[in-house]
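Taking it in order: structure first as structure tokens, then the write-up.
The values are calculated or read from the model by the stated rules, or taken from the named source; none is laboratory data. Quick caveat, the model's predicted, so the values are computed rather than measured. Cβ placement follows ideal geometry from the backbone for every residue including glycine, while neighbour counts extend to all protein chains displayed. Remember, those area values only see protein heavy atoms, side chains included, never the ligands or the DNA or RNA. Shrake-Rupley method; radii C 1.70, N 1.55, O 1.52, S 1.80 Å.
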Amino acid sequence: MTTTPQDLRTDQTPLAPGAPRSGTTFLGLPTAPRGVGHLRGDRSFPDAARDALRDGQLRANLGHATQTIRGKRARVVAELPDWQQLRAAGSALKTATMARLDEHLEELERQVTARGGTVHWARDAGEANRIVTDLVRATGSDEVVKVKSMATQEIGLNEALEAAGITAHETDLAELIVQLGDDAPSHILVPAIHKNRAEIREIFLRTMPRVDADLTDEPRRLAMAARAHLRERFLRARVAISGANFAVAETGTLAVVESEGNGRMCLTLPETLITVMGIEKLVPTWRDLEVFLQLLPRSSTGERMNPYTSTWAGVTPGDGPQDFHLVLVDNGRTAVLADEVGRQALHCIRCSACLNVCPVYERTGGHAYGSVYPGPIGAVLSPQLTGVEDNASLPYASSLCGACYDVCPVAIDIPSILVHLRAEHVEAQERPTAESVAFRALARAMSHPRLWRLAQRAAGLGRLVARGRPTMPAALPFPASAWTRSRDLPTPPAESFTAQWVREHGGRS
Amino acid sequence: MSAREEVLGRIRTALGETRAPVPEVVRDYRTTDDRPVAELLDVLVDRLEDYKASVLRCGPEDVAGTVTAALDAGLGTGWAPGSVVAAPGLPAAWRPDGLDTDDDRPPVQLAERAASVTAVAVAIAETGTLVLDGTPPCGRRALSLLPDCLVCVVTADQVVGGVPESLGRLDPLRPLTMISGPSATSDIELERVEGVHGPRTLVVVLVS
Ligand code: SF4
């Protein structure tokens, strides 16, 4: 299935600047402020992307990685005759969950509490960090072990803990590489994908206190060095912090999906477990996991099942942490929920399949997106969490090719949300930019056949500019330069498809 | 206003006064598997081996001897029975002589042991997954995590076709561990390395 322009044309009615977003009604109840934390870059996407595009090593690593994972995913997805039915069920389940999100969260809270856990609510990143910091302080521990978690990266928890004098040890191998290298993750699933084995060896030799000086760059040796480095930390840790892939409202069951066993170490050995979770991560019933535990591993690592999935409900006497806290974080999610088109972005199960198929991500990598959420999902989620004015270039970080929608295990229509956010951004502009002018003209042309034919004829002029080269020159005159600075535009064909059809079929349509 | 009330209030505002109806969830994916048991067992073995787990098959009379063979395969012959810890509820007929039994010692002490032996609650053929549920035959979670070699005994009646059937048999209030092969990472240039923090060796004894 590919996305056609028709699919993209959902309700594009522009909003007046400052007008309430669609679906918002005001009942005198609190409306949602935007999220804070690691959701914005220092630079716009095109500027950051331009540097990334010059980095040949990065492009080679990314190309290899995304291609390999794409192939694995395609093989294991093809194995299931009912993949599309699972995908439709996953999408419907998420829509159903969001439609009654308040009720499911209250039920989750009741169930977790009934089983000996404590539930905390956080309006934003700052509040979540304060809650976690206070909980750690109350244990008297000055260090914690952490399982890879997008939510804690989003809220900048490690930095907040550090400011409070608490050391957070990342335990996922890739996160460890990123943390020891004083770097930022670049992919949801394989955060250190931009580093090759020689670079990782160098980081380990430099930062691991008792590492073997003869360490080679063989992946097995590097993984064993990480095992030795972390083993003792796991055994002495008294507090662990995790995220959650799913929470079941009806039973209070939390689920963490992982590969290395570091998650199990954190969820099992310490006395205190603090789980930080976005409010959208829940499913109504236990049975619903039968859908997501099939969709997630196959879409994510391209495995039939990931090596370890752990589930727990509250506290189990004699088995695992005896003190359990669940921190539910809003941080802009309710603002996303208020947008009827954009709220689909909350359905994301963070599998990263859309990153791996995205031609833009494959060339720029994750850092260019400036947020902890890169790739197509980041391009729709980050601007909604922060407000589109704070991440204005991200909705343009896509060619709208539709590959992300096709692979998404919960069928999030990312291209439609991108178009919706672009329209919102354009409308919010007081002074027209080249992008807004071009986008308005394109939207108008695409909806009027006569104008579209004219535009195609005008594109024929572009051939003169290109003078026979396969791509247009990077430096087109303003305002087109704003678009072509970091994009290679294909030279328009000598004859448009429409013109060719008319010539060969005599004007029948 | 508390954070709880405020977040719930924002959700109610976002969803509006007249809420859209909850869409129906159509479950027309596969929820049962009619293949004969023998065939499911073969699929399970194939998937386990694909994940680099070893599988030894035996009849119900032969379990203790096969567990011994599994420990030979995982640890090399000559292992000390006292270095192997069994789940407290592991049936006596499945236990080789002299094994240690897990008790309420601090879990970190299990890290010094060479291997552990447990039962499972359910096994999923299609994904090659073993599910341990923390009951006495499976043991607490640390038992199947800290020793470097894990031996799991699976009986034919515990094997189901797919994920939906497995969840129907499990208690969501118990701490569950789903295991599909030894722990693994692909974080370095996507090259798969088996055995990071969990057991590096997984041996399955399949009883039918
Ligand atoms: S948007 Fe879809 S494909 Fe992308 S990470 Fe989320 S669930 Fe996966």
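Nearest 100 Å², what total accessible surface is buried between chain B and chain A (probe 1.4 Å)?
Result for this pair: about 8000 Å² buried.
Would region B:80-204 count as rounded, prolate or oblate if I go by the C-alpha gyration tensor, calling it rounded below 1.5 in a/c and otherwise prolate when a/b exceeds b/c, oblate otherwise?
Oblate shape, in that a/c is at least 1.5 and b/c is the bigger or equal ratio.
Ignoring the sites themselves, what is the longest stretch of chain B with no GluC sites (Glu not before Pro) in a DSSP loop and at most 10 other beta-carbon atoms within 10 Å?
The reported range is B:25-208.
Take the Cα of A:GLN85, step 7 Å along the line toward its Cβ, and report every residue of region B:145-176 whose backbone nitrogen sits under 20 Å from that point.
Once the point is set 7 Å along Cα→Cβ of A:GLN85, B:160-169 turn out to lie under 20 Å by backbone N, inside region B:145-176.
Please get the size of the charge dipole for region A:266-313, origin at its Cα centre, with Cβ charges of +1 on Lys and Arg and -1 on Asp and Glu, quoted in debye to the nearest 20.
The calculated dipole for region A:266-313 is roughly 140 debye.
Rounded to the nearest 20 Debye, what is the dipole magnitude of region A:82-333 about its Cα centre when Lys and Arg each give +1 and Asp and Glu each give -1 at the C-beta?
For region A:82-333, the charge dipole is close to 500 debye.
What is the angle, in °, between the Cα long axis of helix B:3-15 and the longest principal axis of the Cα atoms in chain B? Nearest 10 is fine, range 0 to 90.
The two axes meet at around 60 degrees.
Nearest 5 is fine: what % of DSSP beta bridges in region A:198-288 come out antiparallel, could you say?
Of the beta bridges lying entirely in region A:198-288, close to 35 percent run antiparallel.
So if I place +1 on the C-beta of Lys and Arg and -1 on the C-beta of Asp and Glu, and nothing else carries charge, what would the dipole magnitude of chain B be about its Cα centre? I want it in debye, nearest 20.
Computed about the Cα centre, the dipole is about 580 debye.
Checking the a/c ratio against 1.5 first, then a/b against b/c, what shape does the Cα gyration tensor give for region A:267-358?
Oblate, since a/c reaches 1.5 and b/c is not below a/b.
What lysines does A:LYS148 reach when the alpha-carbon gap must be under 24 Å and sequence neighbours fewer than 8 apart in one chain are set aside?
Hits, sequence-local ones excluded: A:LYS72, A:LYS94, A:LYS195, A:LYS281.
For chain B, report the accessible area per residue in Å² (1.4 Å probe, heavy atoms, rounded to an integer).
Accessible area per residue: 37 Å².
Among the GluC sites (Glu not before Pro) in region A:260-330, which ones are in a DSSP loop with at most 13 other Cβ atoms within 10 Å of the Cβ? Mind listing them?
When the GluC sites (Glu not before Pro) of region A:260-330 are filtered for loop state and at most 13 Cβ neighbours within 10 Å, nothing remains.
Sort B:ARG35, A:ARG236 from largest to smallest accessible area, using a 1.4 Å probe on the heavy atoms of the protein chains.
Solvent-accessible surface, decreasing: A:ARG236, B:ARG35.
Are there residues in region A:99-117 whose accessible area shrinks by at least 20 Å² when all protein chains are included rather than the chain by itself, and which are they (probe 1.4 Å, ligands and nucleic acids not counted)?
Going by heavy-atom accessible area, the residues of region A:99-117 that drop by at least 20 Å² are A:ALA99, A:ARG100, A:ASP102, A:GLU106, A:GLU109, A:ARG115.
If I take R0 = 35 Å and measure r between the Cβ atoms of B:ARG35 and B:ASP171 in this structure, what FRET efficiency does the formula 1/(1 + (r/R0)^6) give, to the nearest 0.05?
0.85
Could you state how much accessible area A:CYS401 has, in square angstrom rounded to the nearest 10, with a 1.4 Å probe and all protein chains kept in place?
My reading of the accessible area for A:CYS401 is about 70 Å².
Can you tell me what share of the DSSP beta bridges in chain B is antiparallel? A percent to the nearest 5 is fine.
25 percent
Using θ = phi - 60° and the Karplus relation 6.51 cos²θ - 1.76 cosθ + 1.60, list the HN-Hα couplings for region B:115-130 in order, rounded to whole Hz, with x at every Gly or Pro.
Result, ordered by residue: 7, 10, 10, 9, 8, 10, 8, 8, 10, 9, 5, 4, 10, x, 10, 9 Hz.
Could you give the distance between the Cα centres of region B:7-34 and region B:62-81, to the whole Å?
The two parts, judged by their Cα centres, are 51 Å apart.
Apply the Karplus curve 6.51 cos²θ - 1.76 cosθ + 1.60, θ = phi - 60°, to the phi angles in region B:101-109 and return the couplings in whole Hz, x for Gly and Pro.
Here the 3J(HN,Hα) series is 10, 5, 9, 8, 4, x, x, 4, 5 Hz.
Separation between the A:GLN57 and A:ALA114 pseudo-spin-labels, each 7 Å from Cα along Cα→Cβ, expressed in nm?
With each label placed 7 Å out from Cα toward Cβ, I get 5.5 nm.
Where does the charge balance sit around A:GLY318 when Lys and Arg score +1, Asp and Glu -1, over other residues with C-beta under 9 Å from its C-beta?
Its environment carries a net charge of -1.
Quick one: order B:ASP97, A:ASP413, B:ASP72 from most to least accessible surface, probe 1.4 Å.
Sorted descending by solvent-accessible area, the residues read B:ASP97, B:ASP72, A:ASP413.
Taking Cα atoms, how many degrees apart are the long axis of helix B:37-50 and the longest axis of chain B, rounded to 10 and kept between 0 and 90?
Approximately 90 degrees, to the nearest 10.
Once phi is turned into θ = phi - 60°, what whole-Hz ³J(HN,Hα) does the Karplus curve with 6.51, -1.76 and 1.60 give for every residue of region A:285-302, x standing for Gly and Pro?
10, 4, 4, 4, 5, 4, 7, 6, 6, 9, 5, 5, x, 5, 6, 8, 8, x
Of all DSSP beta bridges in region A:82-333, what percent run antiparallel (nearest 5)?
Among the beta bridges of region A:82-333, antiparallel pairing accounts for roughly 30 percent.
I need the shape label for region B:59-118. Rule: rounded when a/c is under 1.5, else prolate if a/b > b/c, else oblate, with a, b, c from the alpha carbon gyration tensor.
oblate
What are the trypsin sites (Lys or Arg not before Pro) within region A:138-229 that DSSP puts in a loop, where the Cβ has at most 14 other Cβ atoms within 10 Å?
Sparse-neighbourhood loop trypsin sites (Lys or Arg not before Pro): A:ARG210.
Among A:THR207, A:MET265, A:TRP286, which residue has its Cα positioned farthest towards the positive end of the charge dipole of region A:196-337, with +1 placed on the Cβ of Lys and Arg, -1 on the Cβ of Asp and Glu, and the dipole taken about the Cα centre?
Checking the options against the dipole of region A:196-337, the answer is A:THR207.
Expressed as a whole number of Å, what is the distance separating the alpha-carbon centroids of region A:136-192 and region A:35-103?
22 Å
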